[in-house]
Amino acid sequence: MDRIYLDNAATSFPKAPGVKEAVCAFMENIGASPGRSTHALSIKSGQILYQSRGLLADLLGLRDCKRVFFTYNATMAINTLLQGFLRPNDIVVTTQMEHNALMRPLHALQKRLNLTILQIPCTPLCELDLESARRLLKGARLLACAHINNVSGAVIPLKELSALARSEGVKFLLDGAQSVGCMEMYDVMQKVDFLALSAHKGLLSPMGVGALLIHDDFDMQTLEPLVFGGTGSASEEEIQPIFLPDKFESGTPNMHGIAGLCAGIQWLKQYGIAQIHTHELALRNALVDGLKSLKNVKLYEVANPANATLSIDIKHKSITEVGLRLDREFGIAVRVGLHCNPATHKILGSFAKGGSIRISAGAFTTHADIESCIAAIHAIAQT
């Protein structure tokens, strides 16, 4: 049975051409830690690290690539920023549809720091109430939200939120896990102060690599590291270096993953992110058109979809049953459940059923894949 992969919102598959080769080449031919030695292999490893840092900075509109800090995923990047930036009694503004990668560390810090967490109201179509946002941001220290929702594919009004945050002197953390690599973001670092990302989604690169980007004008003395330890620099000191990027990059990085990321970004720049974005939106439209008239199939549509992610439900069927049947009978991989985002399911009205059936096409999904998915859902809905 040919397999159809429609779980790209969890992690993209397959990866970009050249990624596997770059990972293998690093492990077979280099293998050394970057910045730890003066031998040729360590220097080559450091060059790949520096090149990858520069590629991310260029991709997202950051002038100083030393303000790109590698982590192991977007969740670690978010934690690094929240735990290093927030202070006792701060006010943090989010939305009513945030992922647990943001909400869980915020709630943990709420107890420790006596934070006030305010949420911008959202409609069932995942639209934000900007007038409420304007009011809630007064007196806040941080605005933190996802760029694209991982359940519905809805995109936030980034330009408007950025303007509101700037007008109130509020710093802005953007969770770009679902957007970086899926849509053009060459000037995003002019709109936000902090950006968290993962390599394994839209950047079509390996798991185990993430990054936190910090605006060029942000005062780095006000941000503390999450992890302390060896950096290969200032080793005579038992205190953390204060210079960048070493202050925020302790321990040996995932260099074979970063080598894969380097190859993934290079392929994306050559192929064109705008072309991928257009392709994914066309796939989503085809999926919606094919499913909306099917009996017993409910679509959780949103006002401003920005990628190929779509959540659905089939009446009188458990979402677990549908997911298993799609996999075992039709060879189609989707994700069912709450998708680490119960807040969005409460907004959509799918929480009581345990979540939704999430279909998320990607850069390498074909229209034939979508047609097969529509036919499979039709068959399941009729039986």
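The values are calculated or read from the model by the stated rules, or taken from the named source; none is laboratory data. The structure presented is a predicted model; accordingly, all values stated were derived computationally and were not measured. Here Cβ is always computed from backbone atoms with ideal geometry, including for glycine, and neighbour counts include all displayed protein chains. When the accessible area is computed, the model is the full protein with side chains, heavy atoms only, and any ligands, DNA or RNA have been set aside. Shrake-Rupley method; radii C 1.70, N 1.55, O 1.52, S 1.80 Å.
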On the basis of being under 21 Å from the mean Cα position of the chain (by Cα) and open to solvent by 50 Å² or more (accessible area, probe 1.4 Å), does Glu131 make the cut? no
Does Leu226 satisfy the criteria of being in contact (Cβ under 8 Å) with a residue 24 or more places away in the chain, among the hydrophobic types (A, V, I, L, M, F, W, C) and within 14 Å of Arg53 (Cα to Cα)? no
Within the range 236-294, count every residue that is crowded, with 22+ Cβ neighbours inside 10 Å, not in a helix (DSSP H, G or I) and not assigned by the TED database to the domain that holds Tyr72. 0
Test result for Ala165, buried (at least 24 other Cβ atoms within 10 Å of the Cβ), outside the structural domain of Ile276 (by the TED database) and touching a residue at least 24 places away in the same chain (Cβ under 8 Å): no
Run down Ile374, Ile357 and say which single residue is open to solvent by 10 Å² or more (accessible area, probe 1.4 Å) and β-branched (Val, Ile, Thr). Ile374
Are any of the residues in the range 183-204 small (Gly, Ala, Ser), on the phi > 0 side of the Ramachandran plot, in a loop (DSSP other than H, G, I, E, B) and open to solvent by less than 40 Å² (accessible area, probe 1.4 Å)? no
From the list Thr80, Thr116, which residue is closer than 28 Å to Gly260 by Cα and either touching a strand residue (DSSP E or B) at 6+ places or on another chain (Cβ under 8 Å) or open to solvent by less than 30 Å² (accessible area, probe 1.4 Å) (or both)? Thr80
Of all residues in the range 295-352, how many are in contact (Cβ under 8 Å) with a residue 60 or more places away in the chain, of a type in the set (A, V, I, L, M), open to solvent by 10 Å² or more (accessible area, probe 1.4 Å) and closer than 24 Å to Gln178 by Cα? 7
